[in-house]
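Peer 1: Here you go, one structure.
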Amino acid sequence: MSFPVYVNIGIASLHPHVVFDILAYATGFWLLLRGVRTRGDVVDARTRRLVSVAALIGGVVGSHLLFAFEDIATLRLIAADPVRVLQGKTIVGGLIGGLLAVEFVKARRGVTVATGDLLVLPLAIGIAIGRIGCFLTGLDDGTSGIATGLPWGVDFGDGIPRHPTQLYEIAFLVVLLIVAMRLASHAPNGDAFKLFLLGYLSFRVLGDFIKPATRVAGMSILQWTCLAVIAYYLPHVPRLLTEVRRG
């Protein structure tokens, strides 16, 4: 297989990131609307619109900001050419930025009810679809792992078998989604999203040890960011584990 793997649609040959990013956003949005119709909404229509806009803006800003600060080399390039910040993004930054923006809007409007459970399915499926595009892009995407001697190592074009970390993430998301959806069927509203967020960020902390990155005190900036959010939600962990065992 030669990377990147372009997707041929008619006479057009499209970059895999373009195809799977569009597919990820479209699928995620459709699943969100379907969830609102089938499960009902927990807030009024105006608040839902404000929360959705906040999540979108916060997600976009957060994804680019964390990308900018992910390592010193990237930060220096962006300092010399600020437009570069628009050329990269991180899922973790998007999740955290969207979360902060939504919580800010909810606090301003006095909304105390949890709103995250409806996002679990769209986020998990959307991220998984997006990671297919990352895998098919190859080394240029920057998400592949370090060299490995394991039989499933993938040569992304430089002659070195590497951990297919994108495929690891997809497999983990499937398992995490199953557990989170089972939890959502009986646990208090909001617990499924907390479990999803904690699970995904924990995976990224561990998974990024087998990715090339600039380390600060043994971990990347992205890993430290994930740990900070995990620490914030740590008081919920015993209750979430109890609910998971009960389910």
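The values are calculated or read from the model by the stated rules, or taken from the named source; none is laboratory data. Keep in mind that this is a model prediction, so the values were computed, not measured. Glycine also receives a Cβ, built like all others from the backbone with ideal geometry; neighbour counts cover every protein chain displayed.
Peer 1: Could you list all residues from the range 99-133 that are under 23 Å from T165 (Cβ atoms) and of a type in the set (G, A, S)?
Peer 2: A124, G126, A128, G130, G133
Peer 1: Could you list, in sequence order, the residues of the range 220-247 that are surrounded by 17 or more Cβ atoms within 10 Å (Cβ to Cβ) and either more than 21 Å from A187 (Cα to Cα) or not assigned by TED's automatic domain parsing to the domain that holds A180 (or both)?
Peer 2: Scanning the range 220-247 gives S220, I221, L222, Q223, T225, C226, V229.
Peer 1: Quick one: what pairs do we get from the range 47-71, first residue modelled with pLDDT under 85, second assigned to a helix (DSSP H, G or I) and among the charged types (D, E, K, R), C-beta under 6 Å, 6+ apart or different chains?
Peer 2: T47/R109
Peer 1: Moving on. What's the number of the only condition in (1) in a helix (DSSP H, G or I); (2) farther than 19 Å from F67 by Cβ; (3) under 22 Å from the mean Cα position of the chain (by Cα) that N189 fails to meet?
Peer 2: Here N189 meets the rest and fails (1).
Residue-wise test of (1) outside any helix (DSSP H, G or I); (2) touching a residue at least 24 places away in the same chain (Cβ under 8 Å).
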{"residue": "V205", "(1), (2)": "no, yes"}
{"residue": "F209", "(1), (2)": "no, no"}
{"residue": "P212", "(1), (2)": "yes, yes"}
{"residue": "Q223", "(1), (2)": "no, no"}
{"residue": "Y232", "(1), (2)": "no, no"}
{"residue": "V244", "(1), (2)": "no, yes"}
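Peer 1: Please go through the range 92-126 and pick out each residue that is crowded, with 20+ Cβ neighbours inside 10 Å, hydrophobic (A, V, I, L, M, F, W, C) and in the same structural domain as T225 (by TED's automatic domain parsing).
Peer 2: L118, L119, V120, L121, L123, A124
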